[in-house]
Structures are given as structure tokens and as C-alpha cells.
Amino acid sequence: MSELRRRDLLRGLATAGLGAAAGAAGGWGVAQLTDVDPDPPAAAGIEPVDPHGRHQAGIVRPGTPQPHGLLAVLDLAGTPDRTSLVRLTRDLGERISALTGAASGDAVAAAQSEAGLFDGAGDLTVTVGLGPRLVSAIDPSLPGSEDLPEFASDAGLALERRGGDLLLAGYGSDPNATASAVTWLAASIAGARIRWSQRLFRGPSQGTITRNPLGFHDGVIVPRTETELNEHVWLPEGPLAGGAVCVIRRLRLDTSRFHGASRTEQEAVIGRRRADGAPLSGGGQRDEVDLLAKTPEGEYLTPARSHARAAHPSFTGSNLMLRRGYSFDDGTLPDGTRDAGLMFVCFQRELRTFVQTQHRLDETDDLMGFTTATASGTFLILPGFSRNRPLGAALS
Amino acid sequence: MTLALATLLLAGCSSPAEPPVADAPSVVQVPADAPTISEAVDLVAEGGMVLVSPGTYEEEVTIDKAGVTLRGLDRNETVIDGGGTRAFGVFASADGVRIENLTVHSTLFYGVLVTGMHDENGPLAHGGPGYTELDPSEFPPVERFSIDHVTAYNNGLYGIYAFNARHGQIVDSYASGSADSGFYVGQCEECDILVARNVAERNAIGFENANASDSVTIAGNRFAGNRVGMTLVSNYQEAFTPQRENLVVGNLIAGNENGESPAHALGAFGIGLALNGGQRNTVLSNRIEGNPTAGVLLSNAEDIPSLANEFRLNQLSANGLDAADISASRAPSEGNCFADNTASTSSPAELVSTTCPAEGATSGGGTLPELTVPRGLSFLDIPPPPAQPQLADLESAPDRLPDALPAVAADEYPLPAVDLLADRAAVT
């Protein structure tokens, strides 16, 4: 997009942001910007996702994650104070509303056209998170103000791939439109610089469950019902209620070595059957792993160093994470390494849930031997927003 | 006169709330009065006694009637056989139950179990942890229990097991061939539990305590010839972390390198006493010898460190390392101290010279000798134990169990000899 058009648009948003009624956003130069196809060819079966609600979209809404994504981690120049941060998130929320059709028709058309969504938003969602540097500058007692510790599995993780100030996670059925939308949003933030970004994809899903790049089912045991999500995922009280603490880990996987192992060896590493995802201790795919079941000789049916045992929250006294991972594939590095694997994305009420689990994985999980962390960060997922409650209002 | 009346009133207050069924017998004989132990328990009056003649009983016995005494007339010949298929031998959920002078073997999970953690379908303890914890406040602990002169062998998880139970004792008993631990005390606060004069051998672990705290005394036991002698563990899978404030006194914890046992599921072998996130325990006058990995092993349980444990006057010798601290840097141990022990080898090397008190001293990062761990044997294939001594008085109806145990003086259990309770053991 041309710099000129971007500036026009930002000026238009600034005008809209002055508090005028939605219909007053007439100064947008709409006529020359509106080139969205009113009858896009690929829209069949794709339902728009409401950006507004108690929680941001892109976490449990839609229930089955869209097949494509672009995840961008940004840094901000300087340290914004509370007022500037509230303004920044409010503007971001308004742009997301406009992009995804939850604003006046003119604003929607302008934003979609500017961002390159020429077939409309489809099922696009964009989720916004704030890094610990920004959150702790506002109030170090807030959830999300604490950064991740150094994990044993962080060895070799480049400094520029750790942390970050702002997370923009866009998901949709149209990979290019999704990427355009996130890129446009990132470019709209004054003083922001993309630290790193990653295109994402995932195979056919049933809710959160999909096969990961190792060929095994992922996202099987996650909180699903309203009660479970309230207990395990959403911040329960205070101004940030309805938000969550997110952790992302870009995990390069040694899939060729893993696929070279026998099925039995692979299943022992994962703790589940490859065919249907059922626990090695028995039952069906969604049945709980029986951690105590043993052979008569005293060996665990779910092996001692299997991922299913290592990651089980009962050992660390943790809540259950909502995991919503994607695959990535950046091809082959000059040294022949395949730079492909799993973008682990999880949401929980407290950072401890992830931290204690990752420590345990580093100590007891054979799957870690196939895994190299290549990016890592934690972000406070702001509570949801609406026309009357701007994104980030909780911070003011 | 006033005093006598007060005594009567107190006695009245402490008697069971439900009136006894008028014609229920106070003593029921098996098989003379009832063909099975379960039917005898149904028949007997609250506070009564079931006497079981020698024989093999293929049943799961549930005691949900307060104050019942279940007593075998021959400890070695009155046998409850789980057949490798039944979940438990005896399960007591009522207050004030005594289990005495019998043998339980070949159950899938528990030989003898006392727990308040149950529903109408049976015990919930270790039914397999779900993703939502059971709330201990919904399951009041069993109050007052006694397991005395009981033999439990070749049971799939635990031989003799008290979980969510208080004010009780496990004494003069024997456990072998358990795929988890021979004896287990878990999940209680202000437990007031005595584990004394027992023998555990040929188990994956001799004795285990997870989250049983304050006033647990483990005294004068023989924990020898297992894969791991005994453990004090904090475990997030159960309530009341961290484990704390036990007295471990006068035990023999020796030669725990016996491959004629089921495997320890995490591969542990050659360890005497392991503290995994245990805190403020006192370990006094124990003989801890011949454990080829480590005599005393300290580690963290996830983010729970091993803190402020005191080791005094123990005979630590001929172990792979007399003491080791392998705590991870995420939860280093702190304030553990050693005074007047014979220990000479440790990792880190300065560990055993950490004198008491040792406030603020952190430790960890030790390394253990590498051992070849033998494969486990099926819990059903471990040789049966030698004949065990009988309860002295088989005739008299016992007194009501006390509300609290009499205090144990540490000097009742001095440093034991190497042959402590060897006459009851197969592995010597």
C-alpha cells in the first residue's frame, strides 16, 4: 500500500476517534478507497467472526481455529505512559472493528480497502496482547507484567526473538488477506517496529484438535465449556477480567528424525496413539490420561518420559492451558536445517501455569529432544471490547 | 460425685451418634455366624468385633461402620486374596476401625486402605487424577484407626495405605511386593499418625509419605531390601502441599537395591531416604546403610523446594553417596542441615558439613552414581513373606481407639542395630 494512502487513512481514523458518532466518519475520502468486491468468490461457508465481546476474538471464537494466520511481535519506541497506551489500544481496537465489519459501512469499506481485504474480512480475527515491559510500566502488579524466566530449552534462543511489546495475532481462511490485515494494523501504530513475524497454517481441525507437524493430535485436552474456561483461562476479576495471559513459543521440530522412529517409539514419546490420539493408558481420544496405570512389572502405561505425562497439569498444581497452536514452515536454512515446526500458543489465568509446565518438560519430556525454541514471549491479552468499551479501556 | 457425672457426660458425648441396633451382635464369627467377612461386617453392631477363622477369603471388604474391629484368628492363615483382579482387600471409611492379625495379597491396587476420600462406589483415592482436583473439604478425614499385625503382599499399588485419615497407627505390620509402596500415608494435616515397628521389603518403595504433615512419626521400622527405602514427598496431585514436620526416628533403611521387586515407575533404585519437596522434617538416629545410589537424597518437587530438614545422629555409611542434593536451580533446597551423623560422602561435597541450624544455605545440583537398574518383576510374582508374629491377645474385645495418640518420645527409638526386625524379614 502506498504511504500516501496509509496516511490518509490514519488521518481519517484520527478524525473518527474524536468521538463523533459513527455516521460522522464522512471525511474518509471513501469514494476513492472503496474497492471491495461486493460478491467475493471464495466466501462460501465462511462466517464472519464478531470482534466484539467479553473476550477478544481469536481465542475461543471461532471454536475451530481458522486455517491460516500471521503472528507479529512488535516493539514500541520508548515507554508509553498510561494515557498513550490507552489511546494506542483504543485506536487499534477501532481499526480491528472496522476491518472486520463491526463499524459503520463507510469505515468498514475504507479499512478493508486500505488493508487489502478486497474480498471483505471473511472470518478474519485479530487478537491483541501487550508485552511485560509495557504492562509493568503501568502497574507491576498487573497480570502480564511478569516476563518468562530463562528455560533450559531457551539455550540458543536469539535475543531478538525473545519477548516483545505488542502481539498482533491475525487468523483467517484467506492467508494473504490475513497477512495484509496484520501488516496494515502494525503499520498504523506510531513508533512500532515489527520485531519478528510468522505465517501460520493448520490442518483440518475439530475444534482445537488437529494433527501437528509430528503427525500426532494436538489440543486434545483443553478447557472447553464456559465453566472450564472461567476456571482455567480468563482472568477472573479486576479491570482485566475476561483477559488472559498468553505464551507463544516458536518450536522448530526435528520432524525427519521423529518420523524416522518406529510408530511404537513415536507413541512412547508422545504418550498417545498415532492413529486416533487415544492415551496409551486406554480409552478414546478425549478420555483422560491415566497417569497411574502400570504394567504388573511396575512400568507406567503412559511412559515416564512421555509428553502426555510430562505436560499433565496435575504434577505442577497448575490450571489447564487453552492451547491453540499452528504449524509454520520457513523452508530450509543454508545449513540444511528445516526451519519448520509448531507455533505453540497457549492462554491461561496465570503465567505460572506455563512456566512450571515448561520447567517440567525441560526436565522430564523426551519430546524436548526433538524441539528447538526459536522464539518466545508472553503477552497480556486484553479483555474483549465493543463499540462502547474500547480495547484497553481496562488500563485507564 | 460431680467428677463422676462429668466423666459420664464426656463418655456420652464421645459415643457414636447413631443408636446401636438393638439386636446386632457385638461379636460375629466368620464363617460360623456369617459365611463371608463382608456379611459379618453387615451383621455386627457398631463398635463390635468380627473374628475371622483361618481360610482364604476372595472378597473386597468394606468397613463403613464405626468402631468395628476386624481381626484374623491366625495372621498367616486368615487370608484375603485379591486374585489379581479385585481392587482392594479391606477398605475402611468409618471412624475408629481396627484391622488386625490377617493377610491381604494380590489386589490390583490396595491391600488395606483407610480413607475418607470415597463415594458410594468406593474409594476415590488414586482413582486416577483428573484435571479438576477433588476438594478435600468435601471429604472429611477418617478419624482414629489402627492397623496392627497385618501382612500385605503383592498388591498392585500399596500394601497398607492411610489417606485422608488422622489419629491412627500402622504398627507391627509387614508389606512386600508392592508396585508402588509397601506403606503409604498421605494427604492429611495435623495427622497424628504413628508408623512403627513395621517391615517393608521387596517393594518399589518401602514407605511413602505424600503431603502428610505435622505429627507423623515414622519410628523403629525396617525399610530394607526395596528399590527405595522411604520417601517424604510433596505432591501437587493431592491436597495439602508441602509435606512437612515428620519425625523419622530409629529406623533401619538399608540395602535398598533389591531387584526382586516391581520396578519404581520413574526408575529410582538404590536410594535409602528420599525427600522430594519435604520440609522441616526431623531425621534422627536412623541407620542408613548400603544404599548404592544415595543414603539420603534431597530434591525439589516441581517448584516446591526441600527446606529446613534436620539430620541428626544418623549412622550413614557404605552408601553410594551418604547424602546427595539434586535440587534443580528453579527450586534450590535451603536450610537443610547435618549434625552428629557419620556421613562422609556427599554431592555437592559440602552438603554433609552443613551444620545445624543452616538458615539461608541453599544447595542443589548434585550428581548421583550411575547404576544399572534391574527390570521389574510382576507384583504377582514376588515370593510370599515369611510367617509373621501373631497379635498377643486374640480373645479380648479392644477398647475404643483414643481420640489422640499418646506422645512418642524420641528416645523410645534409639539408633537400631543392623538386624532390627530381621526375624520378620526375608531379605537380610
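Here is how the numbers come out for the structure above:
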{"quantity": "Subset of the stretch B:186-217 that is of a type in the set (Val, Ile, Thr) and touching a Gly at 6+ places or on another chain (Cβ under 9 Å) - its residue that is nearest to the other protein chains (Cβ to nearest Cβ)", "calculated": "B:Ile205"}
{"quantity": "Test: residue in the stretch B:365-384 that is aromatic (Phe, Trp, Tyr) and out of contact with any strand residue (DSSP E or B) (no Cβ under 8 Å at 6 or more places or on another chain)", "calculated": "yes"}
{"quantity": "Search result, residues across the stretch B:299-322 that are crowded, with 18+ Cβ neighbours inside 10 Å and among the small types (Gly, Ala, Ser)", "calculated": "B:Ser299, B:Ala301, B:Ser306, B:Ala308, B:Gly320"}
{"quantity": "The stretch B:161-177, residues that are within 14 Å of chain A (Cβ to nearest Cβ) and either over 22 Å from B:Ser215 (Cα atoms) or aliphatic (A, V, I, L, M) (or both)", "calculated": "B:Ser176, B:Gly177"}
{"quantity": "Entirely in the stretch A:241-348, the helices (runs of 4 or more DSSP H) that have 2 or more residues that are within 14 Å of chain B (Cβ to nearest Cβ) and either within 26 Å of the chain's Cα centre (by Cα) or crowded, with 23+ Cβ neighbours inside 10 Å (or both)", "calculated": "A:307-310"}
{"quantity": "Failed item, numbered, when B:Gly365 is tested on (1) more than 14 Å from chain A (Cβ to nearest Cβ); (2) without any contact (Cβ under 8 Å) to a residue 60 or more places away in the chain", "calculated": "(1)"}
{"quantity": "Test for A:Ala373: is it in a strand (DSSP E or B), at pLDDT 95 or above and touching a helix residue (DSSP H, G or I) at 6+ places or on another chain (Cβ under 6 Å)", "calculated": "yes"}
{"quantity": "Single residue of A:Gly164, A:Gly219 found to be modelled with pLDDT under 95 and closer than 27 Å to A:His68 by Cβ", "calculated": "A:Gly219"}
{"quantity": "Among the residues listed as B:Ala263, B:Ala268, the single one being of a type in the set (A, V, I, L, M, F, W, C), outside any strand (DSSP E or B) and in contact with a Gly (Cβ under 6 Å, 6 or more places away or on another chain)", "calculated": "B:Ala263"}
{"quantity": "Candidates B:Asp340, B:Asp325, B:Asp403, filtered to the one that is touching a residue at least 60 places away in the same chain (Cβ under 8 Å) and either exposed (fewer than 15 other Cβ atoms within 10 Å of the Cβ) or of a type in the set (D, E, K, R) (or both)", "calculated": "B:Asp403"}
{"quantity": "Residue check for B:Gly376: farther than 30 Å from B:Thr78 by Cα and modelled with pLDDT of 95 or more", "calculated": "no"}
{"quantity": "Selection within the stretch B:224-237 - at the interface with another protein chain (Cβ under 9 Å from one of its Cβ atoms) and touching a strand residue (DSSP E or B) at 6+ places or on another chain (Cβ under 6 Å)", "calculated": "B:Asn235"}
{"quantity": "Filtered residues of the stretch B:57-108 (kept if assigned to a loop (DSSP other than H, G, I, E, B), crowded, with 24+ Cβ neighbours inside 10 Å and among the polar types (S, T, N, Q))", "calculated": "B:Thr107"}
{"quantity": "Enumeration of residues in the stretch B:370-409 that are under 30 Å from B:Ala268 (Cα atoms) and either of a type in the set (Asp, Glu) or under 19 Å from the mean Cα position of the chain (by Cα) (or both)", "calculated": "B:Glu370, B:Phe379, B:Asp381, B:Pro385, B:Gln388"}
{"quantity": "B:Ser306, sole failed condition from (1) more than 16 Å from B:Asn211 (Cα to Cα); (2) hydroxyl-bearing (Ser, Thr, Tyr); (3) more than 19 Å from the chain's Cα centre (by Cα)", "calculated": "(1)"}
{"quantity": "First in the stretch A:353-367 and away from chain B (no Cβ under 12 Å) and within 15 Å of A:Val247 (Cβ to Cβ), second anywhere and modelled with pLDDT under 95 and crowded, with 21+ Cβ neighbours inside 10 Å, Cβ under 9 Å, 6 or more apart", "calculated": "A:Phe354/A:Ser318"}
{"quantity": "Qualifying position, being more than 14 Å from chain A (Cβ to nearest Cβ), within 30 Å of A:Arg309 (Cα to Cα) and not small (Gly, Ala, Ser), among B:Glu302, B:Glu334, B:Glu310, B:Glu289", "calculated": "B:Glu334"}
{"quantity": "Qualifying residue in the stretch B:227-250 (condition: in a loop (DSSP other than H, G, I, E, B), within 25 Å of B:Pro389 (Cβ to Cβ) and touching a residue at least 60 places away in the same chain (Cβ under 8 Å))", "calculated": "yes"}
{"quantity": "Members of the stretch A:120-145 found to be surrounded by 19 or more Cβ atoms within 10 Å (Cβ to Cβ) and acidic (Asp, Glu), listed by number", "calculated": "A:Asp123"}
{"quantity": "Those residues of the stretch B:165-197 which are without any contact (Cβ under 8 Å) to a residue 40 or more places away in the chain and over 22 Å from B:Asp381 (Cα atoms), in sequence order", "calculated": "B:Arg166, B:Ile170, B:Val171, B:Val185, B:Glu190, B:Cys191, B:Val195"}
{"quantity": "Count of the stretch B:145-160 residues which are within 18 Å of B:Leu102 (Cα to Cα) and either touching a helix residue (DSSP H, G or I) at 6+ places or on another chain (Cβ under 6 Å) or within 13 Å of chain A (Cβ to nearest Cβ) (or both)", "calculated": "3"}
{"quantity": "Check on B:Arg375, in contact with a Pro (Cβ under 9 Å, 6 or more places away or on another chain) and within 14 Å of chain A (Cβ to nearest Cβ)", "calculated": "no"}
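The values are calculated or read from the model by the stated rules, or taken from the named source; none is laboratory data. If you're wondering where the values come from, they're calculated on a predicted model, not measured in any experiment. Positions of Cβ are generated from backbone atoms using ideal geometry, with glycine treated the same way; all protein chains shown enter the neighbour counts.
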